[in-house]
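S.K.: Next up is a structure, given as structure tokens.
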């Protein structure tokens, strides 16, 4: 059984890419449940499990109890290059530096092939609300080894548009052109990790969450 290849673990205040072999060395005592929240799929934002290795080499896989079954790595197989539709998947969003008066949102950009960019290409994220604030970053800011979180401001925008200045159109096989933000019906974040929880995610009793709801215009 091939392991999922786009898995990260929360380490030193950030999500870091990790292999199944590395995770097995950290947890030699057996399997790790998806409910532990230790390992997350970078593509769909859902927690994944690490198998116990009793029957096969230890590997990451999606849980059968997941709400969403449309992760591209689940549906196409881990051995196939990851390409997915821009309308089906979003980049992860998280909140950080939360206090009584302030907070900040960050968007996580998954790695894309270097050939799609040159050193001076720019990534532009524009909020759809609050004056359409723009956040501009050079391609060289991205980490090739895992998700790179970039600030998208302190306003709970309902969505963000992603532009790639002079980059190749194929980048949108990996990133969407539009990413949702805070909805009018409310958006939930995990208070410990700051990560935006997927729609219809289970809320565990005793686990602290942060709930944001966009005010009507």
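S.K.: Provide 142, 150, 4 in ascending order of the number of other Cβ atoms located within 10 Å of each residue's Cβ, fewest first.
M.R.: 150, 142, 4
S.K.: At 0.36 nm per residue, and after removing the present C-alpha to C-alpha distance, how many nm does the segment from residue 184 to residue 99 gain when stretched out fully?
M.R.: 28.4 nm
S.K.: Modelling each spin label as a point 7 Å along the Cα-to-Cβ direction, I'd like the residue 140/residue 119 distance in nm, to one decimal.
M.R.: It is 0.6 nm.
S.K.: Apply 1/(1 + (r/R0)^6) to the Cβ-Cβ distance of residue 210 and residue 55, taking R0 = 41 Å, and write down the FRET efficiency to the nearest 0.05.
M.R.: 0.55
S.K.: May I ask for the distance between the Cα centers of the range 3-68 and the range 87-139, given as a whole number of Å?
M.R.: 25 Å
We did not get these values from a lab; they are worked out from the coordinates using the rules stated. Quick caveat: nothing in here was measured; it's all calculated off a predicted structure. Don't worry about glycine lacking a Cβ; one is built from the backbone with ideal geometry, like all the others, and counts go over all protein chains shown.
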